[in-house]
Amino acid sequence: LQIAIFASHTGTNMQAIIDACRRGDLNGEVCAVISNNSNSQALEKARTSRVRAYHLSNKTHPEEDELDEAIYKVLTESGTNIVVLAGYMKKIGPKVLKQYKGRILNIHPSLLPKYGGKGMYGSNVHRAVIDAGEKITGVTIHLVEEEYDTGKIIRQCEIEVLESDTIDTLSKRVLEKENSFYVETLKLISENVIKLQ
Ligand code: GRF
């Protein structure tokens, strides 16, 4: 797999995937990292790991279609065949969406369709899960479509919500699981056990 990762913030999922490729646990290579946030830890971590990293945003490309085009160019020039969103807080443009249809994955920290959609990101998700008194939450990896959190579900795993959980403890446990679950899922894709288009 030639993997491009899009990340806006901390980039723990990104780092887990880079490390798995380097260790040989995942038969692939992270050929590009793209972030809309020039100050993100994700960009910093990618550069430290010597992965090609690009800041592409409305700051570098004020017109949406130019941004879409610039991202598409990085993807084609790097030989990307799978796009992995990991905490990427911006919509994918129509060109990239069309050209990589069925090959763009996202990870979401809940059992979609529960606790997805607009406004449901970061600690908001875990707050809603705890407020609703859920006993089980989880992680979803899904294909990216035009609307948030609506594409076909590729894989899910459940995580128990403990009586003692706070937003912090639950977020931390879910994120740790995300890191390994994303790597495992990409491995299944690379082995053609999970078939994308
Ligand atoms: C993860 O919780 C992911 O599910 C969500 O954003 C977070 C990204 O974390 N979409 P990181 O940047 O990979 O550490």
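Please work out which residue is surrounded by the most Cβ atoms within 10 Å (Cβ to Cβ), limiting yourself to the range 42-54 and to residues that are more than 15 Å from the chain's Cα centre (by Cα) and part of a helix (DSSP H, G or I).
Lys45
Take Ser180 and decide whether it is under 16 Å from the mean Cα position of the chain (by Cα) and either within 13 Å of the ligand (Cβ to nearest atom) or at pLDDT 95 or above (or both).
Yes.
Considering Gly102, Gly116, which residue is over 20 Å from Gln41 (Cα atoms), buried (at least 17 other Cβ atoms within 10 Å of the Cβ) and not β-branched (Val, Ile, Thr)?
Gly116
In the range 144-177, how many are in a loop (DSSP other than H, G, I, E, B), away from the ligand (no atom under 14 Å from the Cβ) and either among the aliphatic types (A, V, I, L, M) or farther than 16 Å from Leu111 by Cα (or both)?
Total meeting the criteria: 9.
Please verify whether the range 187-194 includes one or more residues that are buried (at least 17 other Cβ atoms within 10 Å of the Cβ) and either within 13 Å of the ligand (Cβ to nearest atom) or part of a loop (DSSP other than H, G, I, E, B) (or both).
No.
Which residue, of Ile159, Ile107, is buried (at least 16 other Cβ atoms within 10 Å of the Cβ), touching a helix residue (DSSP H, G or I) at 6+ places or on another chain (Cβ under 7 Å) and touching a residue at least 60 places away in the same chain (Cβ under 8 Å)?
Ile107
Tell me which residues, restricted to the range 1-35, are within 13 Å of the ligand (Cβ to nearest atom), buried (at least 23 other Cβ atoms within 10 Å of the Cβ) and in a loop (DSSP other than H, G, I, E, B).
Selection gives Ala7, Gly11.
In the range 55-74, is there at least one residue being surrounded by 21 or more Cβ atoms within 10 Å (Cβ to Cβ), β-branched (Val, Ile, Thr) and away from the ligand (no atom under 15 Å from the Cβ)?
Yes: the range 55-74 contains one or more residues that are surrounded by 21 or more Cβ atoms within 10 Å (Cβ to Cβ), β-branched (Val, Ile, Thr) and away from the ligand (no atom under 15 Å from the Cβ).
The values are calculated or read from the model by the stated rules, or taken from the named source; none is laboratory data. Since this is a predicted model, take the numbers as computed values, not measurements. Backbone-built Cβ (ideal geometry, glycine too); neighbour counts: all protein chains shown.
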